[in-house]
Structures are given as C-alpha cells and as structure tokens.
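Inspection log for the structure reproduced underneath, given as structure tokens.
Any read-out appearing in this document is the output of simple, stated calculations on the displayed coordinates, not a laboratory observation. All figures in this text were calculated on a predicted structure; none of them were measured in a lab. Ideal geometry is used to build each Cβ from the backbone, glycine not excepted, and the neighbour counts take in all protein chains shown.
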Amino acid sequence: MRNNEDKYFKVSTFYVASYLLAKGMELVGINREDPQQCIFIFLDIPEREQYLRSFNFGRENNPDVLIDARKLVLSIKKLKEVIYQKRF
C-alpha cells in the first residue's frame, strides 16, 4: 500500500519542473513557504525516474531527452504563471 506522500514528486529546480511538465506530468501544486524558493509538486508516475535519468544523464540528441520546443516554452510559461500568481 502506498503512502499518500508517495503519490507526489516534489522538485525545486525550475528547468527540471519545466521538463517534467513538458513530458506530460501533472502539476498539482506549488509550495511557497520559503519566499526564496518554490517547490513544484507533481502527481508521481512510474516514468518519472526515467525522465529524470534522461534529463540529467542523457546524451545530446538522445530521443528520450528530446521534446517539442513548443511544449517546453508552454511549460515554462505555465510555471512562471503559477509562481507569480498568489494561488494555484
């Protein structure tokens, strides 16, 4: 049985969060308790580990790392919107 906390993945790195969002992970919240840092909260999925491994260690032009540039731009815009709005 999974712990309720186990169904979420939290990350504070903006570009990792943008990448995960562009890969299709669902952003479910943002923690702003620390005014110097936002923590992005995603619904965890089994593919998340592979996404992170590809992002951090994938070679240039590896198909697992490549994403549509438009999806990445939209992900960045969405994260900026949720950072600067006072509610999620």
Residue satisfying condition, being surrounded by 17 or more Cβ atoms within 10 Å (Cβ to Cβ) and of a type outside the set (Ser, Thr, Tyr), within set Lys7, Lys23: Lys23
Counted residues, the range 36-76 - those being part of a helix (DSSP H, G or I), surrounded by 11 or more Cβ atoms within 10 Å (Cβ to Cβ) and not β-branched (Val, Ile, Thr): 12
